[in-house]
Amino acid sequence: MNSIKKTARIAGFFYLMFLVTSILADRFASIGFGDAAAIIDKILTHERFFSTGFIIGLLSALFFLLAAWALYVLLKPVNENLALLFLLLNLVGVAIQCFSMLLLMGSQLVFSGADYLKTVPADQLQVMAMFFVNLYKNGFTLAQLFYGTWLLPLGYLVFKSGFLPRILGILLIIDFFGVLVWFFQFFLFPGFDVITYPGLAASAIAEFSLTLWLLIKGVKDQKPVLAEAS
């Protein structure tokens, strides 16, 4: 039981670091929820802040993967196959997010003032930068397909675990639907951001609740359920 509680708190710590760094990346560089125009403005007017936010954004992806690994260790006794599934889904999402951030770096390089760019007119540089930022936004949102889907097996295992509150599992499954609404809205209904607000609110409640429970309470003082048959 002590080992399970330690693993739960490690998962909570990594999840908290992921949430904190995600918020800081958004504050410093508009990475995440910021639109393309806000990101370009950060690059042009607060380049040092943008660079700091960029690094913090990469750290947030790392912390998210570490949180998924710790949750895998915690929940694999319930069903190892489903635990491995949510870990792999998270890994794919992290890989897509990191690749999209390389594209974001391209927009910063466009405004770097390098000698080989001095012959390019300023308006063309602006277009190139906006192109890279929009590619980043599409890549970041594509990652949400995997970030959303990982919540379904995660929520199910939390619900079935017996050592975590079932309400957390239910909240995570609701979070799954909320993130998918965001994903489909971005690609199919651009401009209708309002339909994502309830889902994003549910996501914040679910993930902060899971984080705080793991970090503060750990797990219930009872034996976990037996592993399900594969």
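The values are calculated or read from the model by the stated rules, or taken from the named source; none is laboratory data. Values in this document were obtained by computation on a predicted structure and should not be read as measured data. Note: ideal-geometry Cβ built from the backbone for every residue, glycine included; neighbour counts use all protein chains shown.
Of note:
- Leading residue by the ranking (surrounded by the most Cβ atoms within 10 Å (Cβ to Cβ)) among those in the range 25-57 that are among the hydroxyl-bearing types (Ser, Thr, Tyr) and free of Cβ contacts under 8 Å to residues at least 40 places away in the same chain: Ser30
- Whichever residue in the range 211-230 is touching a Phe, Trp or Tyr at 6+ places or on another chain (Cβ under 7 Å) and at pLDDT 90 or above and, among such residues, is surrounded by the fewest Cβ atoms within 10 Å (Cβ to Cβ): Leu215
- Of the residues making up the range 158-180, those that are closer than 18 Å to Leu71 by Cα, buried (at least 16 other Cβ atoms within 10 Å of the Cβ) and of a type in the set (A, V, I, L, M) are Val158, Leu164, Leu168, Leu171, Leu172, Ile173.
- Subset tally (residues that are over 24 Å from Ala129 (Cα atoms) and surrounded by fewer than 20 Cβ atoms within 10 Å (Cβ to Cβ)) for the range 83-105: 5
- Residues in the range 136-181 that are among the aromatic types (Phe, Trp, Tyr) and within 16 Å of the chain's Cα centre (by Cα): Tyr136, Phe140, Phe146, Tyr147, Trp150, Phe176, Phe177.
- Checking the stated criteria, Phe159 turns out not to satisfy the condition of being assigned to a helix (DSSP H, G or I), touching a Leu at 6+ places or on another chain (Cβ under 9 Å) and under 24 Å from Gln97 (Cβ atoms).
- Filter result (small (Gly, Ala, Ser) and farther than 14 Å from Leu212 by Cβ) within the range 1-40: Ser3, Ser22, Ala25, Ala29, Ser30, Gly32, Gly34, Ala36, Ala37, Ala38
- When the range 181-195 is limited to residues that are at pLDDT below 90 and touching a helix residue (DSSP H, G or I) at 6+ places or on another chain (Cβ under 8 Å), the one that is surrounded by the fewest Cβ atoms within 10 Å (Cβ to Cβ) turns out to be Phe192.
- Only helices (runs of 4 or more DSSP H) whose full extent lies in the range 18-113 are considered here, and the ones with at least 2 residues that are of a type in the set (Gly, Ala, Ser) and either at pLDDT 90 or above or under 14 Å from the mean Cα position of the chain (by Cα) (or both) are 47-75, 80-110.
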